[in-house]
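*Asks:* The structure is given below, and queries will be raised subsequently.
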Amino acid sequence: MSNEIVIHTQILAWWLIGSRRIATEARRVLENAPAVYVPPCSLHKMTLKVRKGRWPKMEPYAPHLDRICVTNGFKIAPYTARMAMLAGTLEWDHPGPFDRMIGVTALEMGMALVSSDEAFNMLDGTLGWRGRIWISAFS
């Protein structure tokens, strides 16, 4: 299993604002991973919410998210046609398109996902899924 990881949108946001909401174990993994990948759809989701006025804390970051990610040592994950098709067809009872794309990014890259969202646990047992990393918030 790769020690490289994929991060969920909320974790990226918390990282950028320096939030203490990132669980201790998750923070340790983020700090020690040889590579941390950000799914491109996370940038889409964040900028969309900022544009609609639904995420004011991210407003200062939105115009430059791609560069900010790189400056923070993160890499932008690929998102291929195969990933898009898998996100649409994956047997997973989760209707959210962004989370489906994030889950498939981690799945196809063979990496664990750092996320506080327990919905990703429903992917346990899916071929290629490396799991969700999160012990508990505020630990």
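Bear in mind that the values in this text are calculations on the coordinates, not laboratory data. Predicted model only: the values in this text are computed from it and were never measured. Cβ coordinates were reconstructed from backbone atoms using ideal geometry, including for glycine residues, and neighbour counts include every protein chain displayed.
*Asks:* Just to be sure I understand the model, the point goes 7 Å from the Cα along the line to the Cβ. What's the resulting residue 17 to residue 67 distance in nm?
*Replies:* 2.3
*Asks:* If each DSSP helix of 4+ residues adds -39,500 (n - 2.57) and the sum is divided by the residues in the chain, what number results at 222 nm, nearest 500 deg cm²/dmol?
*Replies:* Rounded to the nearest 500, the figure is -12500 deg cm²/dmol.
*Asks:* Kyte-Doolittle cut-off 1.6, length cut-off 27 Å along the helix's own axis using Cα: show which whole DSSP H helices in the chain pass.
*Replies:* Flagged H segments: there are none.
*Asks:* What is the ratio of the Cα radius of gyration of the chain to 2.2 N^0.38 Å, with N the residue count, to two decimals?
*Replies:* 0.99
*Asks:* Please enumerate, by chain and number, the lysines with C-alpha under 20 Å from the C-alpha of residue 57, excluding those fewer than 8 residues away in the same chain.
*Replies:* Straight-distance partners of residue 57: 45, 49.
*Asks:* Quick one: Cα centre-to-centre distance for the stretch 1-45 and the stretch 57-115, in angstrom?
*Replies:* 11
*Asks:* Explain nothing, just the number: relative contact order of the chain, from Cα pairs under 8 Å at least 6 residues apart, as a whole percent.
*Replies:* 34
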